[in-house]
Amino acid sequence: MLRLTKSMVACVVMLLVLTACPARHIREAQDHFSRAATAENRALVEGYSTDGANLSADPAVDYRLSLSLVEAELAKNEGKLRDDKLYGTALMLRAMCLWRLADLEAVNAKTPTAKEVIAARDKKPRGDSKNDATNEDAMWATLRRLEAEDSAKTVSLGQRDKAMLKALPGLRDHDRGLATADYVTAAKFFESAHDVLEATLKDTERVPPGHPVAVYLRLAMLSTCRAWHAAAFRANDKDARKEIKKKAIAILEQLKKRDEHDVAVWKAATLFRTRLGIGATGNNGFVWDKP
């Protein structure tokens with residue numbers, strides 16, 4: 001069954017689904033992606049598995065359909081996508097599909113070590129999921145390819161795409177932390193996830209002050225703190241739990257400062273505060289009254 005900490009990231013993705021565009025199959029690919037993210041969240045609420053046994057409820061089906069559509073568009077109409085300034089959008093959508101597939105399909109696979117994940121990130125960019133060995137490989141290759149295009153100013157990226165380009169490695173590390181049984185390794189993944197998302201938020205060129213994407217990234221950071229805290233609790237690492245709570249309170253303070261009167265954000269923040277055991281009093285207390 002999906003856990004809250006995992007599904008929260010899927011919720012972030014659903015909220016970050018790329019804006020509508022007129023190009024060919026890209027809109028249809030976006031629709032499949034949105035349905036898949038919705039299915040991941042529904043699985044949490046209704047308590048069923050996403051292991052593929054029920055195809056009508058399997059988000060991987062829609063992620064694969066989205067991926068096939070966007071790859072067909074990239075293969076046949078790259079020039080037109082570039083002319084329409086949608087090539088970056090297509091690459092980002094491909095990377096996000098590969099991210100979710102890599103996570104969903106990792107259930108029956110051996111979890112790589114942190115060293116193996118770093119090696120996958122550093123592979124020469126290729127970005128073709130038909131030729132790369134795994135969806136994980138293809139995701140990293142696509143991100144490297146998009147980073148190179150972005151640096152060279154040969155691709156146009158919207159604000160949310162710019163943020164996701166930098167944040168996605170952190171979201172993937174969150175998945176790795178959840179999938180890793182060894183506490184020391186899991187903690188490294190969670191710490192990396194937190195730090196990557198924090199660095200993304202500090203990059204004002206990618207995340208301008210006040211932009212809505214900042215809310216989603218901070219909720220993802222809280223999701224990571226919750227998962228990290230749970231792992232530390234199981235390992236009886238009291239010092240780590242204290243430090244994680246401090247990080248979570250700092251994120252909550254940022255959310256409150258930016259969205260104090262937003263009921264939906266308050267509800268999400270309150271849920272994480274409760275699950276992290278953060279009270280309203282003491283040195284590690286936090287108060288945010290209902291708007």
Checklist outcome for this item: Output ordering of 190-197, 60-67 (per-residue mean of other Cβ within 10 Å, highest first) is 190-197, 60-67
Checklist outcome for this item: Residue by residue through the range 240-253, the couplings from Karplus 6.51 cos²θ - 1.76 cosθ + 1.60 with θ = phi - 60°, in Hz, x for Gly and Pro, are 5, 4, 5, 5, 5, 4, 4, 4, 5, 5, 4, 5, 4, 4
Checklist entry - Can you work out the FRET efficiency for the pair Lys238 and His261, with r the C-beta to C-beta distance and R0 = 41 Å, to the nearest 0.05? => result 0.70
Checklist entry - Given R₀ = 22 Å, FRET efficiency for Glu78-Asp203 by Cβ-Cβ distance, to 0.05? => result 0.20
Next on the checklist: Above 15 Å lies some portion of the pair distances; for the range 244-291, what is it as a whole percent of all C-alpha pairs?
Outcome noted: 34 percent
Next on the checklist: As a quick test, which of the pairs Lys85/Lys267; Lys85/Lys188; Lys76/Lys202; Lys238/Lys290; Lys246/Lys290; Lys76/Lys188 have an alpha carbon distance above 32 angstrom in this structure?
Outcome noted: Lys85/Lys267; Lys85/Lys188; Lys76/Lys202; Lys76/Lys188
Item to check | Average projected area [Cα convex hull, the range 154-266], square nanometres | outcome: 7.6 nm²
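Each value in this text was obtained by applying a stated rule to the coordinates, not by laboratory testing. Keep in mind that this is a model prediction, so the values were computed, not measured. Heads up, the Cβs are rebuilt from the backbone with ideal geometry, glycines too, and the neighbour counts pull from every protein chain shown.
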